[in-house]
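Colleague: Quick one: this structure, given as structure tokens, is what I'll be asking you about.
Since every read-out is calculated from the coordinates, none of them should be taken as a lab result. Here the structure is a predicted model, which means the values were calculated and not measured. When we count neighbours, we look across all protein chains shown, and the Cβ atoms used for this are built from the backbone with ideal geometry, even at glycine.
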Amino acid sequence: MPRASSEFKALINNIIWLLMFQIAIPIGLALAVLLNQTALFARILKPLYFFPFVISPAVIAFLFQFFYNPFEGGPLVGFYALLGLKQGYGILGTNGLSTFGVIIAAWYPQIAYCIIIYLAGLTAINPELIEAGKLDGARGFAMFRKIVLPQLWPATFICVVVTTIGALRSFDLVQVMTGGQRWSEVLARYMYETGFGEGGGDYGFGATVSVILFAIMLVFIVFFVTNMVRQTED
């Protein structure tokens, strides 16, 4: 595969990672609001969301490899048959699906991280504003949108920055789950392969890829910070 084509494919995959990782933020927020309740089940489930932080990303990769595996009785074998997919390939061996399969595995620790950040943000909410909102007749989603969500902007900012960096530096899960197959290639792994992998040694080109990664990260974060400041001023 020509170098330019490989780099373009890695860039497209990283954009997919970047966009899909942002979905982890509202999911994490919704679960954090659910777990912030005083119900017994919420208090029991809270410690479970620390689990992804005490295991290696490689372990997560192997767990999801088994989940997707069409040969060793993975849970998705019946799903493959239902969709008419060739069981000899599965999700990780199918062009167009492998990237999404790895991203879903990467969501596991990323959503957990967002939950923890939002739980911390929810505990810092000013209760006086909640009471004032109730006096003004705010209830349910209106209360959440007008009173709670604006106070969670710092937590949202942290989540956006972390998910953006996480999406652009994705390497370990891609390497372990797909071995760097060309249809699941990302810029971070491509940079490593170009500079240090087999047949690599082109440090200049690897440095160029790293600059591209930094530029994408900077543009995205600056865009979000600008919008955040504008909404705060309004």
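Colleague: Suppose a student asked you for the relative contact order of the stretch 124-197, using Cα pairs under 8 Å spaced at least 6 residues apart; what percent would you report?
Modeller: On the way: 29 pairs, mean separation 15.3, N = 74.
It comes to 21 percent, rounded to a whole number.
Colleague: What is the local net charge at LEU213, summed over the other residues whose Cβ is closer than 12 Å to its Cβ (Lys, Arg +1; Asp, Glu -1)? Walk me through the numbers on the way to the answer.
Modeller: On the way: positive: ARG169, ARG189; negative: GLU7.
Here the charged neighbours net out to +1.
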